[in-house]
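Presented below is the structure to which this report refers.
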Amino acid sequence: MTSRRSFVKQASFIVGAAIIAPSLAFNKVNKKVGLQLYTLRDLLPKNPAEVIKQIAKAGYKEVETFGLNGGKFFGYAPKDFKKLLADNGLTAPSGHYGMEEFDKTGKTDNLKADMQAALAVGSDYFTIASASVGEGADGYKKLAENFTKVAEIAKGEGLKFAYHNHNSEFKAVGDTTGYQILLKESDKNLVNFEMDIYWVVRGGKDPITLIKENPGRFVMWHVKDMDKQHPEQNTEVGNGSIDFKSIFAEAKLSGMKHFFVEHENNYYPDPIASIKTSCDYIKKNLLS
């Protein structure tokens, strides 16, 4: 078993290796480009089969699901959606879900139903897309406690737990931030994080600093670029202000297993062409 001291020593070595040769730090991390399906939320309901086909044609190998409704993804039972993905050379290692009922009542029925759907579609990670939080530090501590409880349930169902951030978690809470409380107070062995890089930067924080301070916690990323003139808007990966090359150099230290392009607005020239531009840039500039 690797001790925490040994892990930190290894992490320090990885950082040094990344400085010398960033590509070496990434050589054992998953290089399949993924897409968070929320990116195409307006197109998918109209013709899911065709949109999934276009995603694969744009160069993607993985997707992250969202929008489970009535036990179905865009009208498909989870096992049938898994087949649709497989027929196009795609897998769904993660999906976005909620935990509102658990937060309010402690009931687990909806959680477990969603977890079964996640398993049926072939996912390894049960990712909470966002969560409501109470006032101040105590609110974040309670949320961290609930994350650990849900992560225990997920483990019992055969899944891993992750939490996806926005920018509100980076607001000051006393002398710390909500995100730091979540990292500190949740069980490090059970609670993983999906770092939305865009929202970290919008929140005024540095993704690389977070990674170095919390090695191994960020098992997934959302790769979303920031428009140079209008930071409230997205742009195609490589066209914006975020330095993804330096961030990808820390992929191994991060513990990153999967990453997903996400684009929420300001598509150029249209959503399908936009996701292809991002995928092409990543393959050419970040994974070589």
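The values are calculated or read from the model by the stated rules, or taken from the named source; none is laboratory data. Being a predicted model, the structure only gives us computed values, none of them experimental. So basically every Cβ, Gly included, is an ideal-geometry build from the backbone, and we count neighbours across all protein chains shown. These area figures cover heavy atoms from the full protein model, side chains too; ligands, DNA and RNA do not enter into them. Shrake-Rupley method; radii C 1.70, N 1.55, O 1.52, S 1.80 Å.
At 20 Å minimum axial length over the Cα atoms and a Kyte-Doolittle cut of 0.5, report the qualifying DSSP H helices in the chain, or say none. Walk me through the numbers on the way to the answer.
On the way: long enough: 4-20 (24 Å, 0.85); 136-157 (32 Å, -0.63).
What comes out of the filter, once short or polar helices are dropped, is 4-20.
Considering only the other residues whose Cβ falls under 13 Å of the Cβ of Ala86, what net charge follows from Lys and Arg at +1 and Asp and Glu at -1?
Computed value for this residue: +2.
Once label points are set 7 Å from the Cα along Cα→Cβ at both Lys53 and Lys79, what is their separation, rounded to one decimal in nm?
2.5
Using 0.36 nm per residue of separation minus the Cα-Cα distance, give me the extension gain between Glu145 and Asp227 in nm, one decimal. It would help to have the intermediate numbers written out before the result.
On the way: separation 82, 0.36 × 82 = 29.52 nm, distance 3.58 nm.
Additional length available on full extension: 25.9 nm.
Give the residue from His96, Thr39, Ser288 lying farthest towards the positive end of the charge dipole for the chain; charges sit on Cβ (+1 for Lys and Arg, -1 for Asp and Glu) and the dipole is referred to the Cα centre.
Ser288
Ranked highest first by the average count of other Cβ atoms within 10 Å around their residues, in what order do 100-106, 141-147 fall?
On the way: 100-106: 12.7, 141-147: 18.9.
Final packing ranking: 141-147, 100-106.
May I ask you to list the residues of region 157-189 whose amide nitrogen lies under 11 Å from a point 7 Å from Cα along the Cα→beta-carbon direction of Asp206?
The answer is none.
By its C-alpha gyration tensor, with a ≥ b ≥ c as the square roots of the eigenvalues, how is the chain shaped: rounded for a/c under 1.5, else prolate for a/b larger than b/c, else oblate? Working shown, then result.
Working: a/c = 1.41, a/b = 1.05, b/c = 1.34.
Rounded is the answer for the chain, as its axis ratio a/c remains below 1.5.
At Lys104 and Asn69, where each label point lies 7 Å from the Cα along Cα→Cβ, what is the point-to-point distance in nanometres?
1.9
Under 8 Å for C-alpha pairs, at least 6 residues apart: give me the relative contact order for the chain, rounded to a whole percent.
Once divided by the residue count of the chain, the mean separation gives 20 percent.
Hey, how many Å between the Cα centroid of region 68-103 and the Cα centroid of region 239-288?
Region 68-103 and region 239-288 have Cα centres separated by 23 Å.
Longer than 21 Å from Cα to Cα, which of Lys104/Lys205; Lys149/Lys212; Lys104/Lys184; Lys32/Lys57; Lys32/Lys283; Lys188/Lys257 are they? Say none if no pair is.
Numbers: Lys104/Lys205 30 Å; Lys149/Lys212 26 Å; Lys104/Lys184 23 Å; Lys32/Lys57 14 Å; Lys32/Lys283 9 Å; Lys188/Lys257 16 Å.
Correct reply: Lys104/Lys205; Lys149/Lys212; Lys104/Lys184.
Summing +1 for each Lys or Arg and -1 for each Asp or Glu, what net charge is found among the other residues whose Cβ lies under 15 Å from the Cβ of Ser274? Could you put the intermediate results ahead of the total?
Values: positive: Arg41, Lys57, Lys224, Lys276; negative: Asp42, Asp225, Asp227, Glu236, Glu262, Glu264, Asp270, Asp280.
Taking every other residue near Ser274 into account, the sum is -4.
Determine, from the Cβ-Cβ distance of Lys283 and Arg41 and an R0 of 25 Å, the FRET efficiency 1/(1 + (r/R0)^6), rounded to the nearest 0.05.
That pair, Lys283 with Arg41, gives E of 0.55.
Using the Karplus equation 6.51 cos²θ - 1.76 cosθ + 1.60 (θ = phi - 60°), what ³J(HN,Hα) coupling, rounded to whole Hz, does each residue of region 208-216 give in order, writing x for Gly and Pro?
Whole-Hz 3J(HN,Hα) from phi for region 208-216: 5, 4, 4, 5, 5, 7, 9, x, x.
In Å², what does the accessible area per residue of region 112-195 work out to with a 1.4 Å probe?
Numbers: 3600 Å² over 84 residues.
Here the per-residue accessible area is 43 Å².
Ranked highest first by the average count of other Cβ atoms within 10 Å around their residues, in what order do 165-171, 133-139 fall?
Values: 165-171: 18.0, 133-139: 13.7.
Taking the mean over residues of other Cβ atoms within 10 Å, the ranking is 165-171, 133-139.
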